[in-house]
Amino acid sequence: MNFFKSRFNISIVLLLFILLVGVIGYRLIADFSWVDSLYMTVITISTVGFREVNPLDDQTKIFTIFLIITSIVIIAFFARTVVEYLLSRNSIEALKLRAMKKKIEKMNGHVIVCGLGRNGSQAAERLITYKREFVVIENNQEKIDKYSSLDVHDVNVIKGDAGDDKTLMEAGIKKAKYLIAALPDDASNLFLVLSARQLNPDLFIIARAEQYATCSKLELAGASKVIMPSRIGGDQMASLVVTPDLITFMDKLATQGEHMNLEELDLSYIESIDDLKTLRELDLRRKFGCSVIGYVTPNGEYMINPDADLKLEYKGKIIVLGRAEQIESLNKKFNIKPKV
């Protein structure tokens, strides 16, 4: 694109140069006024065929011939540069779009984020940090350009209405595992949840709500979880007054990065069911330095600080607290495959 930009700038400079030469030439050779010189130059360069201001002598005719030939070459160069730039840009965009569609078609178990507002952008940022495959649906071109301009964001963005079945199909909703409904208003999120649940009954849908009354409606429409950002923000601000150190500590645990402290281990990814034991037999604290602070049964029951003699079940999940290298060592020991 820099190449076309430089050629475009050169052609603009040449056009201005020939315009300046024409004005000065008619002024000096034909002794026209500045306005008449500008007029003659413009009608000559544009080849519109208007009548001359005054009869032309031989010198002025020769100069006009030179001006016509030169301006034709420059205008042709300018037109070619513009056409090549537009064609090249369209081709590049078409190739990017085709590559993105092929990439989405190969996805399985990915996440669909609907809306690039404040909450949608935050969700996308966290998914990038967790290295999860996801597709973004956004209808506002300005938001898409702003988000895509960040070089660190190698994400798939589809422009369209998230409530449209065709757009959801393009995002691979049939093979998606999660959908985050983060559209700007509750009505749009409600319609989106209805459409998404109809297209994929097994989809885990997380919906954003602004009003309390909308929460129950979203759940009836098919939302698996409903989040109220305003309520969470208020609760956290009050908690920072009551237990500031505890909330700060929990925020640090929730931060994914080089010093990851909290992890969810899905036992269904363990290759051998025989490896499942009780927490006491696993002895994660002594062997890996990790502490089990929670357990989720296959039925979805949450257990905080589970008993050491608890028998682990296939498709259960354990919540582990530890340093990044400790958790990585734990994953390798039990051949726990990456989540999809």
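The values are calculated or read from the model by the stated rules, or taken from the named source; none is laboratory data. Keep in mind the model is a prediction, meaning the values are calculated, not measured. Don't worry about glycine lacking a Cβ; one is built from the backbone with ideal geometry, like all the others, and counts go over all protein chains shown.
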Is there a residue being surrounded by 11 or more Cβ atoms within 10 Å (Cβ to Cβ) and in contact (Cβ under 8 Å) with a residue 40 or more places away in the chain anywhere in the range 29-52?
no
Residue count, the range 280-317 (criterion: assigned to a strand (DSSP E or B), aromatic (Phe, Trp, Tyr) and buried (at least 16 other Cβ atoms within 10 Å of the Cβ))
1
Which numbered condition residue 143 fails, given (1) in a strand (DSSP E or B); (2) under 16 Å from the mean Cα position of the chain (by Cα)
(1)
Going through the range 198-241 one residue at a time, which ones are part of a helix (DSSP H, G or I) and at pLDDT 85 or above?
198, 199, 212, 213, 214, 215, 216, 217, 218, 219, 220, 221
Out of 238, 221, 213, 187, I need the residue that is in contact with a Leu (Cβ under 6 Å, 6 or more places away or on another chain) and not charged (D, E, K, R). Which one?
221
Selection within the range 1-26 - modelled with pLDDT of 75 or more and surrounded by 15 or more Cβ atoms within 10 Å (Cβ to Cβ)
11, 14, 15, 18, 19, 21, 22, 23, 25, 26
Restricting attention to the range 93-118, which residues are within 13 Å of the chain's Cα centre (by Cα) and loosely packed, with under 14 Cβ neighbours inside 10 Å?
118
With surrounded by 11 or more Cβ atoms within 10 Å (Cβ to Cβ) and either at pLDDT below 70 or touching a helix residue (DSSP H, G or I) at 6+ places or on another chain (Cβ under 9 Å) (or both) as the only criterion, which of 263, 271 stands out?
263
Report yes if some residue within the range 201-210 is over 16 Å from residue 179 (Cα atoms) and within 24 Å of the chain's Cα centre (by Cα); otherwise report no.
yes
Do we have residue 60 as surrounded by 13 or more Cβ atoms within 10 Å (Cβ to Cβ), assigned by TED's automatic domain parsing to the domain that holds residue 14, farther than 13 Å from residue 19 by Cα and modelled with pLDDT of 80 or more here?
yes
Subset of the range 301-321 [touching a Lys or Arg at 6+ places or on another chain (Cβ under 7 Å) and within 16 Å of residue 290 (Cα to Cα)]:
308
Could you please give the count of residues in the range 153-196 that are outside any helix (DSSP H, G or I) and of a type outside the set (Val, Ile, Thr)?
22
Among the residues of the range 181-195, which ones are touching a residue at least 40 places away in the same chain (Cβ under 8 Å) and among the aliphatic types (A, V, I, L, M)?
181, 182, 183, 192
So, in the range 119-138, how many residues would count as being surrounded by fewer than 19 Cβ atoms within 10 Å (Cβ to Cβ) and not in a helix (DSSP H, G or I)?
3
Need the failing condition index for residue 178 against (1) touching a His at 6+ places or on another chain (Cβ under 9 Å); (2) modelled with pLDDT under 90; (3) among the hydroxyl-bearing types (Ser, Thr, Tyr), just the number.
(2)
